[in-house]
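Visitor: There's a structure below that I have some questions on.
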Amino acid sequence: MLVLGIETSCDETAVSVVGNGEKIYSSVVSSSINFHKRYKGIVPEIASRLHIETISAVLSDALAQAGLGLKRIGLIAVTSKPGLPGSLLVGLCFARALSFAKGIPLLPVDHLKAHLYAAFFSRPRPRFPFIGLVVSGGHTSLFYVKKFSQIKLLGSTQDDACGEAFDKVSSMLGLGYPGGPAIEEMAKNGEAKAFSFNCSNTQEPLNFSFSGIKTALLYKTREEKIGAKKNRGAKIRQKIKVSNLCASFQEAVINALVKKSLLACRLKKTPRLVIGGGVAANNRLRERFFSEARLNGIDIYFSRKEFCTDNAAMVAGMGYNLYKNSHKNKSL
Ligand code: KG4
Ligand code: ZN
C-alpha cells in the first residue's frame, strides 16, 4: 500500500510517499526556517502562512519524485498533534480536502510516535517492546512502547525541551538559530571538561529539566564576558571559550539523556532503545549512546540523520503501521 504522509506541525512543510511502511519513494521537506532566523525562534503566524503558500507545490514535488499520481495512493496520513495549532490546521485541512475529493482514507498521526517510527526505515528494525526517547525542539519524552498502539509515557521535561535548550543557549552565545547544529559545530573544537555543567535533578527520576543548565550557562557567559570583541586576539580567545562552553553544555545534556534512558531500560527490563527527534541528529549524542549502550548490553536504534528532523516519511510510515493494525475507522 502506498501512503501519502503530510507534516506541518512546526516550520517544515513536508510530503512523502512511502510503500508498506518501509520503502520511501519520495520525501520532500520545505523549511521556512530562514524566515524565522531574525526572531531567534519560530514565529507561529509566519510558519502557518508559509505552509499555506507551499503545501500544494510540495505535494506536486513529492508525487513527481515518486513518479505516480494520487490515484495510486491508498491512505493519507497527516500529523494531527502535537504542534503549533495554526500550522497543524493547514496540514489537516489540506489532507481532509484531498481525502474527500479523491476518496482516499485519512488517518491522524501523533508527531512524537512518528519520530520513533523513523528508526524503522533502517535495518535492523527494532523489535517490540522498546524504550523510546524523543528529543526535539518541543519535546523531551521517554516512552515504553509495547506496540505503536500501546505506548506509555514514562517521563518528560518539566520545563524546556532539549532542542529548545540548544536553541536558547545558541542564541545567548550569538550562534544563531537553529541552535543544535550550531552548538554541535562549535563543540567539535571545544573541551567538554573546560566548564562544569550539570542538568538539574528531578523528583521523578525519568523526568528531565534543562532550564537550570541554561541559566548556569547564561551566568557563565556574563562571567566570561562573552560579547562583541574588536581586536583579532580577543576574538580568537573568545572563540576558544565559546567552543569550550558549547562542548561542556552539550556533554552535560547528553549525560542526562543517556543516564535517564538507560535507567528506563533497566526499570522496564527492556534492552532496546529507539531515539528520534531533531536532537538525535547530533553526532556526539549518537556516539555516546552507542558506546554507553554497548557497555550496558542495550541495542540502540536511530534513524538516518535526515529522518531525525521533521519529515513526512515518518508520518506515512506510522500511518501505515496504525492502519495495518486496524485503526482505519478513526476519524479526525
Ligand atoms: O524534531 P525537530 O525537527 O522539530 C520538532 O519537532 O521540534 O527538532 C528540532 C530541534 C531544534 O531545537 C534543533 O536545534 C534541534 O532539533 N537539532 C539539534 C541538531 N539538529 C537539530 N540539536 C542538537 N544537535 C543537532 N545536530
Ligand atoms: Zn519533530
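Visitor: If you go through the range 52-69 one residue at a time, do you hit one that is within 16 Å of ligand 2 (Cβ to nearest atom), at pLDDT 95 or above and touching a helix residue (DSSP H, G or I) at 6+ places or on another chain (Cβ under 9 Å)?
Guide: Just the residues of the range 52-69 that are within 16 Å of ligand 2 (Cβ to nearest atom), to begin with: none.
No; the residues of the range 52-69 include none that is within 16 Å of ligand 2 (Cβ to nearest atom), at pLDDT 95 or above and touching a helix residue (DSSP H, G or I) at 6+ places or on another chain (Cβ under 9 Å).
Visitor: Every residue in the range 19-38 that is in contact with a helix residue (DSSP H, G or I) (Cβ under 8 Å, 6 or more places away or on another chain) and over 15 Å from Val58 (Cβ atoms), please.
Guide: The answer is Asn20, Gly21, Glu22, Ile24, Phe35, His36.
Visitor: Is one or more of the residues making up the range 212-227 acidic (Asp, Glu), away from ligand 2 (no atom under 16 Å from the Cβ) and over 24 Å from Glu287 (Cβ atoms)? So that I can check it myself, show each step before the final result.
Guide: Taking the range 212-227 as the starting set, the residues that turn out to be acidic (Asp, Glu) are 223-224.
Imposing the further condition that a residue be away from ligand 2 (no atom under 16 Å from the Cβ) reduces the set to 223-224.
With the extra rule that they be over 24 Å from Glu287 (Cβ atoms), the set shrinks to 223-224.
Scanning the range 212-227, I find at least one residue that is acidic (Asp, Glu), away from ligand 2 (no atom under 16 Å from the Cβ) and over 24 Å from Glu287 (Cβ atoms), so the answer is yes.
Visitor: Restricting to helices (runs of 4 or more DSSP H) lying wholly in the range 105-210: which have 3 or more residues that are away from ligand 2 (no atom under 16 Å from the Cβ)?
Guide: Working: elements: 111-117, 162-172, 179-187.
Where helices (runs of 4 or more DSSP H) fall fully within the range 105-210 and carry at least 3 residues being away from ligand 2 (no atom under 16 Å from the Cβ), they are 162-172, 179-187.
Visitor: Condition first: loosely packed, with under 15 Cβ neighbours inside 10 Å and either without any contact (Cβ under 8 Å) to a residue 12 or more places away in the chain or of a type in the set (S, T, N, Q) (or both). Can you find one or more residues in the range 128-149 that meet it?
Guide: To start, the set of residues in the range 128-149 that are loosely packed, with under 15 Cβ neighbours inside 10 Å comprises 128, 146-147, 149.
From what is left, the residues that are either without any contact (Cβ under 8 Å) to a residue 12 or more places away in the chain or of a type in the set (S, T, N, Q) (or both) are 149.
Yes; the residues of the range 128-149 include at least one that is loosely packed, with under 15 Cβ neighbours inside 10 Å and either without any contact (Cβ under 8 Å) to a residue 12 or more places away in the chain or of a type in the set (S, T, N, Q) (or both).
Visitor: Could you say which residue among Ile240, Ile226 is surrounded by 15 or more Cβ atoms within 10 Å (Cβ to Cβ) and more than 22 Å from Lys152 (Cα to Cα)? Reasoning before the result, please.
Guide: Working: Ile240 fails: surrounded by 15 or more Cβ atoms within 10 Å (Cβ to Cβ).
The match here is Ile226.
Visitor: Could you grab me the full set of residues in the range 150-169 that are buried (at least 20 other Cβ atoms within 10 Å of the Cβ) and in contact with a strand residue (DSSP E or B) (Cβ under 6 Å, 6 or more places away or on another chain)?
Guide: Those that are buried (at least 20 other Cβ atoms within 10 Å of the Cβ) and in contact with a strand residue (DSSP E or B) (Cβ under 6 Å, 6 or more places away or on another chain): Leu154, Gly155, Thr157, Ala161, Cys162.
Visitor: Can you name the residue in the range 67-97 that is in contact (Cβ under 8 Å) with a residue 60 or more places away in the chain and small (Gly, Ala, Ser) and, of all such residues, is nearest to Gly137 (Cα to Cα)?
Guide: Filtering first and then ranking leaves Gly83.
Visitor: Here's a follow-up. Considering every residue within the range 206-224, establish whether at least one is among the charged types (D, E, K, R) and within 28 Å of Ala118 (Cα to Cα).
Guide: Narrowing the range 206-224 to residues among the charged types (D, E, K, R): 214, 220, 222-224.
Keeping just the survivors that are within 28 Å of Ala118 (Cα to Cα) gives none.
No.
Visitor: Which of the residues spanning the range 282-305 are in a helix (DSSP H, G or I) and surrounded by fewer than 22 Cβ atoms within 10 Å (Cβ to Cβ)?
Guide: Quick first cut of the range 282-305, residues in a helix (DSSP H, G or I) only: 283-295, 305.
Across the range 282-305, the qualifying residues are Asn283, Arg284, Arg286, Glu287, Arg288, Phe290, Ser291, Glu292, Ala293, Arg294, Leu295, Lys305.
Visitor: Still on this structure, I have one more. Would it be correct to say that Ile254 is in a helix (DSSP H, G or I), of a type in the set (Val, Ile, Thr) and either touching a Ser or Thr at 6+ places or on another chain (Cβ under 8 Å) or crowded, with 17+ Cβ neighbours inside 10 Å (or both)? Walk me through it before giving the result.
Guide: Details: in a helix (DSSP H, G or I): yes; of a type in the set (Val, Ile, Thr): yes; either touching a Ser or Thr at 6+ places or on another chain (Cβ under 8 Å) or crowded, with 17+ Cβ neighbours inside 10 Å (or both): yes.
It is true that Ile254 is in a helix (DSSP H, G or I), of a type in the set (Val, Ile, Thr) and either touching a Ser or Thr at 6+ places or on another chain (Cβ under 8 Å) or crowded, with 17+ Cβ neighbours inside 10 Å (or both).
Visitor: When both residues are 6+ apart or on different chains and their Cβ atoms are under 9 Å apart, which pairs have a first residue that lies in the range 281-302 and is at positive phi, and a second that is surrounded by fewer than 17 Cβ atoms within 10 Å (Cβ to Cβ)?
Guide: Filtered contacts from the range 281-302: Gly297/Pro271.
Visitor: Scan the range 212-227 residue by residue and report those that are at pLDDT below 95 and of a type in the set (Gly, Ala, Ser).
Guide: Once the filter is applied, which keeps residues that are at pLDDT below 95 and of a type in the set (Gly, Ala, Ser), the range 212-227 yields only Gly227.
The values are calculated or read from the model by the stated rules, or taken from the named source; none is laboratory data. The structure displayed is predicted, hence computed values, not measured ones. We place every Cβ from the backbone using ideal geometry, glycine too, and count neighbours over all the protein chains shown.
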